[in-house]
Protein chains: 2
Amino acid sequence: MELLTIGQVSARSGVAPSALRYYEQQGLVTATRTSGGARRFPRSVLRRLAFVRAAQNVGLSLTEIRAALDTLPGERPPTAADWARLSRGWRDRLDAQIAALTQLRDGLDSCIGCGCLSLDRCALSNPGDVASREGSGARWLSPLLRRVPPTSNAG
Amino acid sequence: MELLTIGQVSARSGVAPSALRYYEQQGLVTATRTSGGARRFPRSVLRRLAFVRAAQNVGLSLTEIRAALDTLPGERPPTAADWARLSRGWRDRLDAQIAALTQLRDGLDSCIGCGCLSLDRCALSNPGDVASREGSGARWLSPLLRRVPPTSNAG
DNA sequence: CTCGGACGTGAAGTCGACTTGAGGTCAAGG
DNA sequence: CCTTGACCTCAAGTCGACTTCACGTCCGAG
């Protein structure tokens, strides 16, 4: 069994068929077609999906993930080293996210006592001390802590 | 100057007028009206907005924030202790978020070497070891690390 | 009296990552 | 032959937190 149906890929990866079709549309995965038009995925799609999943957890958008995947060789199958290279940059991202959250928590600790919540001075409502520098932008938490895909039924 | 116009509130809080109208609609803030129909906000709205902002940074949805705000007394103006009470529960949330991210990062560290990215075993693509337990749900990172409001122009 | 600017409203649009729905095809089994 | 189930496509819907738009109003200055 060399090629997988969309149902098999879905079952093995946990990614919904509709999401797989969407991913194909977005160029994140590719599939050949049977004479009848049904998708057939190579086994390697599972690793690709794992990468997508991991990248999402780190906070990358599908666009960014696509860009990363596009740097894979293409002729030869990607090696472990390829995957490692792609995910190396994530550490910084995670470190930044953790730092931002930690700062927020520490701000919380110091704020709980006073209940100040001053728009200007409180580390909670204005973390990173970035506020009111210029009129235009970049207040509050930078877009470091971004969405992680909503896990539909774990609410 | 006891009451503030929407423009003044916006300028002092960094919250766009459209957002302020939206917040009023959602019951997050209240405003009286002039004879002409223009909103007039009490100064206390600034503290409320700071609270909203902080709660968003911690990852609460506006619905949750509204629920929290609804527990405020209402007759008497909220005290520092009130605000502190509301934000006390956030620490756990932040701790959980930090823990999840840290776990993810540590998984990354151990994965970068091998580049495995196995759907089943890799801590990166399958953090928390929750996977493949049951067929239905709750794989991947739980919805702990959720959206932080998109900071419009800080991209 | 007119103009500009700040404000009002309700409806519709935006973004990301999908899901849902309607309607159709294909292969296997009874 | 007919059904069932897995698959297909394309369009539209969903969710959250807003923004944008089109159009109308109020107020003070000139």
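The values are calculated or read from the model by the stated rules, or taken from the named source; none is laboratory data. What you see is a predicted model, and the numbers here were worked out from it, not measured in a lab. Glycine also receives a Cβ, built like all others from the backbone with ideal geometry; neighbour counts cover every protein chain displayed.
Here is how the numbers come out for the structure above:
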| read-out | value |
| --- | --- |
| Some residue of segment B:87-95 being within 21 Å of residue A:109 (Cβ to Cβ) and among the hydroxyl-bearing types (Ser, Thr, Tyr) | yes |
| Pair list, Cβ under 6 Å, 6 or more apart: segment B:84-111 residue more than 7 Å from every other protein chain (Cβ to nearest Cβ), other residue modelled with pLDDT of 80 or more and surrounded by fewer than 21 Cβ atoms within 10 Å (Cβ to Cβ) | B:86/B:68 |
| Tally of residues being out of contact with any Lys or Arg (no Cβ under 7 Å at 6 or more places or on another chain) and within 11 Å of DNA strand D (Cβ to nearest atom) across segment B:1-20 | 7 |
| Residue within segment A:34-42 that is free of Cβ contacts under 8 Å to residues at least 24 places away in the same chain and β-branched (Val, Ile, Thr) present | yes |
| Residue in segment B:1-20 that is nearest to the chain's Cα centre (by Cα), counting only those that are more than 8 Å from DNA strand C (Cβ to nearest atom) and not in a helix (DSSP H, G or I) | B:15 |
| Unique match (being within 13 Å of DNA strand C (Cβ to nearest atom) and over 30 Å from residue A:89 (Cα atoms)) among B:71, B:63, B:30 | B:30 |
| Residue check for residue A:42: near DNA strand C (Cβ under 8 Å from one of its atoms), surrounded by 14 or more Cβ atoms within 10 Å (Cβ to Cβ) and either more than 14 Å from every other protein chain (Cβ to nearest Cβ) or of a type in the set (A, V, I, L, M) (or both) | no |
